[in-house]
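Q: There's a structure below that I have some questions on.
The values are calculated or read from the model by the stated rules, or taken from the named source; none is laboratory data. These figures come from a predicted structure and were not determined experimentally. Cβ sites come from the backbone with ideal geometry, for glycine too, and all protein chains shown count toward neighbours.
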Amino acid sequence: MINRLKRHWEEWFTFLTYPEVKPDNNDAERALRPIVIHRKVSGGARSDWGAELVTQMFSFLETMRLQGQNAIVQLCELFSLAGRSPPGLEM
């Protein structure tokens, strides 16, 4: 254990050298919570395609949240770039 601590001191205690680095991973844990809750409620993805879709959806939503952007507005803009909007979503 002591040898491992010595070998990885720099990685484990980065926050001592760089004050802007937090000493815990609470932000990452909080970011994963909605995905875990979705998996528990839905029973999880039932296919590789479904798992990929859920992964991309949550990645997009979290990115929008971190950037302070409205996910629905951004989706509408992406769809409008791809071609004609579905009925009822015209801007």
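Per-residue answers, yes or no, for (1) touching a residue at least 12 places away in the same chain (Cβ under 8 Å); (2) surrounded by 10 or more Cβ atoms within 10 Å (Cβ to Cβ); (3) of a type in the set (S, T, N, Q):
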position: Val21; (1), (2), (3): no, yes, no
position: Asn26; (1), (2), (3): no, no, yes
position: Ala31; (1), (2), (3): yes, yes, no
position: Gly43; (1), (2), (3): no, no, no
position: Ser59; (1), (2), (3): no, yes, yes
position: Met64; (1), (2), (3): no, yes, no
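Q: Here's another thing I want to ask about it. Out of (1) touching a residue at least 24 places away in the same chain (Cβ under 8 Å); (2) at positive phi, the odd one out for Gly68 is which?
A: (1)
Q: Would you kindly identify the helices (runs of 4 or more DSSP H) lying entirely within the chain that contain at least 2 residues that are out of contact with any helix residue (DSSP H, G or I) (no Cβ under 7 Å at 6 or more places or on another chain) and modelled with pLDDT under 90?
A: 2-7, 9-12, 26-42, 71-82
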